[in-house]
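The values are calculated or read from the model by the stated rules, or taken from the named source; none is laboratory data. From a predicted model like this one, the values you see are computed outputs, not experimental measurements. As a convention, Cβ positions derive from the backbone with ideal geometry for all residues, glycine included, and neighbour counts pool all protein chains shown.
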Amino acid sequence: MIWRDCEYCGGPFTTYPSVVKLGRGRFCGRRCARLYERYGKRNLGPRYESGSKKITRYCEVCGEPFQVTPSETAADNRECCGNECKFTLKTLRALERRKDEDV
Ligand SMILES: [Zn+2]
Ligand SMILES: [Zn+2]
């Protein structure tokens, strides 16, 4: 018996190599096979929707690439790779503001 990832929902399930050889054993269940037929491969289940689509951004402070999910981007508009840089950016922004006030 082998583990496979369902082509529709991405969930793991067990099947047999002989079944795979026949071009079957692609889905964890009949439900997913039916949904796949109807919606196609791109319509992944909600469980995998948020985790699979990652966006690469570059840290405003150190320039390091980091990955965010679309929901994260919407939530707090991440600009930094981590908390350390976030803090640095905050400090820099505060200093910039102060400079503007002086002028
Ligand atoms: Zn499935
Ligand atoms: Zn950084």
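Overview of values
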read-out	value
Counted residues, the stretch 1-18 - those being in contact with a strand residue (DSSP E or B) (Cβ under 9 Å, 6 or more places away or on another chain) and over 24 Å from K53 (Cα atoms)	6
Residues satisfying the stated conditions in the stretch 14-29, i.e. buried (at least 16 other Cβ atoms within 10 Å of the Cβ) and within 25 Å of the chain's Cα centre (by Cα)	R26, F27, C28
Count - residues of the stretch 34-79 that are at pLDDT 80 or above and in a strand (DSSP E or B)	7
